[in-house]
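Accompanying notes for the structure given below.
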Amino acid sequence: MDARAREIFRRIVESYLETGEPVGSRTLSKGGVSLSPASIRNTMQDLTQLGLLGAPHVSAGRLPTHAGLRLFVDGLLEVGDVGEAERRAIEARLLAHGRNYEDALSEASSILSGLAGGAAVVVTPMRDAGVTHVEFVQLSGDRTLAIMVFDDGTVENRIIRLPLGVTPSSLQEASNFLGARLRGRTLSEAKAALQAELERARQELDASAARLVEDGLAAWSGGEVGDRALIVRGRANLLEDRDALDDLERVRSLFEDLEQKEQLIQLLDLVRDGEGVRIFIGAETRLFSLSGSAVIAAPYMTGAQKVVGAIGVIGPTRLNYARVIPLVDYTARVLGQVMNV
């Protein structure tokens, strides 16, 4: 692609990202491209043959294809920076949650959906740290706080309903049983073995303590996709886009995509294998090939720079990449600070 073609291509993509409308040769000529409309049309035709531009209608202007958007994002996009006010807002809302990483994950997705638009998604960590401490603490009424401490310094808390007949001694018995068998193991290593062992130990354990152990195991997350939570915020933002309202079938397809928990977690897990922000555009992923959506995601880390999960924004392919990329990256880095507190 020569300098003239690159400039015309850049202007078409930037105009599309701003307006969502096809761009014609006369628009480019009036917009400052010092070429005749005929010369611009010839270049646009060349770009179309390369698969970088497409036309929604025969007489319409041109739009970037998914391949064109990929080329633009990888080679021509000038990424901005997060503003000072946005930095302060992200830090204040996330760091206020202290060590409660579950609240921080939910808050992070809410922050991104508000600042970036689109729907924000975060997948809970793939927990592979060893357990150092387990305890059940009785709360008021029929609830107990299940606490699990990991050797990477993080803590998981769950509030679960107490089975009938639970006494303080039952709570202690359940804590001792799990503590002795989980200590030094990861959850994914221990869960299958514990289920089998629990069957054998039922006669030794108080019935209510055995039930409490089962409920605790079910509540804590593990390393498998089915055990991990996917937090989605901001679906309503997808309906605020004017062009999206003109294409409700695409929005319906995207909403269905967002319900595919396992596939979406697997997609976000791809981010864990790379460094920094990753971008998936339209047909590059099987999940979003029909809705033609884009995903901008970044890993978040805990401990010694160990990647444990990912957070991102999902929206139409004409997302404001220059603005959203640094927002996702900065939110992921601040979320990593929360995980390390």
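Considering only segment 6-16, state which residues are buried (at least 19 other Cβ atoms within 10 Å of the Cβ) and out of contact with any Phe, Trp or Tyr (no Cβ under 7 Å at 6 or more places or on another chain).
To start, the set of residues in segment 6-16 that are buried (at least 19 other Cβ atoms within 10 Å of the Cβ) comprises 8-9, 12-13, 15-16.
If the condition is that a residue be buried (at least 19 other Cβ atoms within 10 Å of the Cβ) and out of contact with any Phe, Trp or Tyr (no Cβ under 7 Å at 6 or more places or on another chain), then 8, 9, 12, 15, 16 are the ones that fit.
Evaluate segment 138-154: report whether one residue or more is assigned to a loop (DSSP other than H, G, I, E, B) and open to solvent by less than 20 Å² (accessible area, probe 1.4 Å).
Within segment 138-154, one or more residues are assigned to a loop (DSSP other than H, G, I, E, B) and open to solvent by less than 20 Å² (accessible area, probe 1.4 Å).
Only one of 116, 120 is closer than 16 Å to residue 299 by Cα and crowded, with 21+ Cβ neighbours inside 10 Å. Can you tell me which? Lay out the reasoning, then the answer.
Values: 116 fails: closer than 16 Å to residue 299 by Cα.
Result: 120 is the single residue among 116, 120 that is closer than 16 Å to residue 299 by Cα and crowded, with 21+ Cβ neighbours inside 10 Å.
Suppose we keep only residues that are aliphatic (A, V, I, L, M) and surrounded by fewer than 23 Cβ atoms within 10 Å (Cβ to Cβ) within segment 123-133. Which one would you say is nearest to the chain's Cα centre (by Cα)?
Among them, the one singled out is 126.
Output the residues belonging to segment 27-76 that are in a strand (DSSP E or B) and either of a type in the set (Ser, Thr, Tyr) or buried (at least 21 other Cβ atoms within 10 Å of the Cβ) (or both). Please lay out each step first, then the result.
So the first thing to find is which residues in segment 27-76 are in a strand (DSSP E or B), and the list is 53-54, 62-64.
Listed by number, the residues that qualify are 53, 62, 63, 64.
Among the residues of segment 5-29, which ones are of a type in the set (Gly, Ala, Ser) and over 28 Å from the mean Cα position of the chain (by Cα)?
5, 24, 25, 29
Are any of the residues in segment 164-172 in contact (Cβ under 8 Å) with a residue 60 or more places away in the chain, over 24 Å from residue 306 (Cβ atoms) and surrounded by 13 or more Cβ atoms within 10 Å (Cβ to Cβ)? Walk me through how you get there before you give the answer.
Within segment 164-172, the subset in contact (Cβ under 8 Å) with a residue 60 or more places away in the chain is none.
No, that holds for no residue.
Within segment 120-133, identify whether any single residue is outside any loop (DSSP other than H, G, I, E, B) and farther than 30 Å from residue 184 by Cβ, and answer yes or no.
There is at least one residue in segment 120-133 that is outside any loop (DSSP other than H, G, I, E, B) and farther than 30 Å from residue 184 by Cβ.
The values are calculated or read from the model by the stated rules, or taken from the named source; none is laboratory data. All values reported here derive from a predicted model rather than from experimental measurement. Cβ atoms come from the backbone with ideal geometry, glycine included; neighbour counts cover every protein chain shown. Protein only, heavy atoms only, side chains kept; ligands, DNA and RNA dropped before computing areas. Shrake-Rupley method; radii C 1.70, N 1.55, O 1.52, S 1.80 Å.
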